[in-house]
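The values are calculated or read from the model by the stated rules, or taken from the named source; none is laboratory data. Everything numeric here is computed off the predicted structure, so don't read it as measured data. All Cβ positions, even for glycine, are placed from backbone atoms using ideal geometry, and neighbour counts span all protein chains on display. Each accessible area value is taken on the protein alone, full model and side chains, heavy atoms only, with ligands, DNA and RNA left out. Shrake-Rupley method; radii C 1.70, N 1.55, O 1.52, S 1.80 Å.
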Amino acid sequence: TLFRSNSRTKAIILNTPNNPIGKVFNRNELQVIADLCMKHDVLCISDEVYEWLVYTGHNHIKIATFPGMWERTITVGSAGKTYSVTGWKLGWSIGPQHLVKHLQTVQQNTIYTCPTPLQEALAQALLKDVSRMDDPECYFNSLARELESKRDRMAKLLQEAGLSPVVPEGGYFIIADISVLNVDLSHIETNEPYDYRFVKWMIKTKKLAAIPITAFCGPETQVQFEKYVRFCFIKQDRTLDRKST
C-alpha cells in the first residue's frame with residue numbers, strides 16, 4: 001500500500017532520490033502522492049538531499065512544484081550530499097512561511113546555530129554553481145557524471161562476486177542481494193538479523209564494509225530485507241580497485 005492514512009495522520013515523508021534503494025520517483029508517481037496528500041489533507045516532508053545525483057534516463061522533480069503542493073510541502077536539501085562534505089552537517093529546508101516558521105522554532109531550541117564559516121563557504125559555492133548551471137563543469141552536473149561510471153563499475157564488481165545488485169537511479173549507494181552466497185552464519189551467536197551478521201562476517205573475513213538494510217526497516221519488514229546489504233560507491237578509483245581483488 002503506497003499510502004495508509006487515518007484521522008491521526010498529519011504528514012508523510014517522501015525520499016527521492018531514495019536512500020538506500022536509489023529509486024527516483026517519476027512525474028506520474030509523484031502526482032499520485034500529491035493527489036493523496038491533498039485528498040487526505042496531510043503535509044509532505046520531502047527529503048531531496050540527493051537531488052543532483054541522478055543518472056542517465058532519470059530526472060529529479062520536486063513535488064513542491066505540483067499544483068496544490070507548495071503550501072503543504074517542506075523540501076529538505078543538504079550541503080553535505082550536494083558538495084560531498086557530509087561532515088559539515090549543513091543543509092536547508094524550503095517551504096511556505098506558515099510551515100517554515102515552526103522549523104525556525106525547532107532550530108532555535110535545538111542546535112541553535114550552524115558554524116558561520118561553513119555557511120559562508122556554502123553560500124559562495126552555491127553562487128558559483130548556480131551561475132554556471134549549463135556548464136558541464138558545474139559541480140551539480142559533474143559529480144553525477146563521475147559517479148555514474150563508478151556506479152556501473154560497482155554493479156559489475158558485485159555481479160562478478162556472484163551478488164545480485166539493484167542498480168540505483170540516483171544517490172551513491174547500491175544494494176545487493178546476498179542470498180545466493182548462502183553463507184552459513186550460525187556460528188555467530190546473536191539475535192541480530194542475517195544482514196547484520198553478514199556484514200560483520202564480511203568485515204572480518206573479506207575486509208569489506210557495508211550497511212545492513214534492516215537498519216532501515218521496522219520489525220515487521222526485517223525478514224523481507226535481511227538478505228540485502230548496502231554498499232557505497234562514492235570512492236576513489238584505487239579503493240574500487242582493491243575491492244575487485
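In the range 183-192, the count of residues that are at negative phi and open to solvent by less than 30 Å² (accessible area, probe 1.4 Å) is one or more.
Conditions tested, residue by residue: (1) touching a strand residue (DSSP E or B) at 6+ places or on another chain (Cβ under 7 Å); (2) more than 25 Å from T9 (Cβ to Cβ).
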residue: L30; (1), (2): no, no
residue: Y55; (1), (2): yes, yes
residue: A121; (1), (2): no, yes
residue: Q124; (1), (2): no, yes
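Before we move on, is G77 at pLDDT 95 or above and of a type in the set (G, A, S)?
Values: at pLDDT 95 or above: yes; of a type in the set (G, A, S): yes.
Yes.
Can you tell me which of Q97, Q108, Q119 is touching a residue at least 12 places away in the same chain (Cβ under 8 Å) and open to solvent by 50 Å² or more (accessible area, probe 1.4 Å)? Give the steps one after another, and end with the answer.
Working: Q97 fails: touching a residue at least 12 places away in the same chain (Cβ under 8 Å); Q108 fails: touching a residue at least 12 places away in the same chain (Cβ under 8 Å).
Every option except Q119 fails the conditions.
Just to be sure before I move on: is V76 in a loop (DSSP other than H, G, I, E, B) and not aromatic (F, W, Y) in the structure I sent? Taking the combined requirement at face value, the residue does not satisfy it.
Would you pick out the residues in the range 58-73 that are in contact with a Phe, Trp or Tyr (Cβ under 9 Å, 6 or more places away or on another chain), part of a helix (DSSP H, G or I) and more than 13 Å from N15 (Cβ to Cβ)? Walk me through how you get there before you give the answer.
So the first thing to find is which residues in the range 58-73 are in contact with a Phe, Trp or Tyr (Cβ under 9 Å, 6 or more places away or on another chain), and the list is 60-61, 63-64, 73.
Now drop any that are not part of a helix (DSSP H, G or I), which leaves 63-64.
Across the range 58-73, the qualifying residue is only A64.
Within the range 64-85, being farther than 27 Å from E120 by Cβ and surrounded by 19 or more Cβ atoms within 10 Å (Cβ to Cβ) holds for F66, M69, R72, T73.
A quick yes/no check of all residues on (1) of a type outside the set (S, T, Y); (2) under 24 Å from C232 (Cβ atoms); (3) at pLDDT below 95; (4) touching a Cys at 6+ places or on another chain (Cβ under 7 Å):
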| site | (1), (2), (3), (4) |
| --- | --- |
| T116 | no, no, yes, no |
| D152 | yes, yes, no, no |
| P168 | yes, yes, no, no |
| F173 | yes, yes, no, yes |
| V180 | yes, yes, yes, no |
| H187 | yes, no, yes, no |
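Do you know which of the residues in the range 7-34 that are in a strand (DSSP E or B) and of a type outside the set (G, A, S) is nearest to E148 (Cα to Cα)? Before the answer, list the steps.
Going through the range 7-34, the residues in a strand (DSSP E or B) turn out to be 11-15.
Retained after the next criterion (residues that are of a type outside the set (G, A, S)): 12-15.
Working: I12: 30, I13: 27, L14: 24, N15: 20 Å.
Step by step, filter the range 7-34, then rank; the result is N15.
Can you go through E169, E146, E160 and tell me which one is over 24 Å from V54 (Cα atoms) and not β-branched (V, I, T)? Of the residues listed, the single one that is over 24 Å from V54 (Cα atoms) and not β-branched (V, I, T) is E160. Does any residue of the range 123-137 turn out to be hydrophobic (A, V, I, L, M, F, W, C) and within 30 Å of I213 (Cβ to Cβ)? No: the range 123-137 contains no residue that is hydrophobic (A, V, I, L, M, F, W, C) and within 30 Å of I213 (Cβ to Cβ).
Considering the range 160-182 alone, what residues qualify as being open to solvent by less than 50 Å² (accessible area, probe 1.4 Å) and assigned to a strand (DSSP E or B)? If the condition is that a residue be open to solvent by less than 50 Å² (accessible area, probe 1.4 Å) and assigned to a strand (DSSP E or B), then P165, G170, F173, I174, I175, A176, D177 are the ones that fit.
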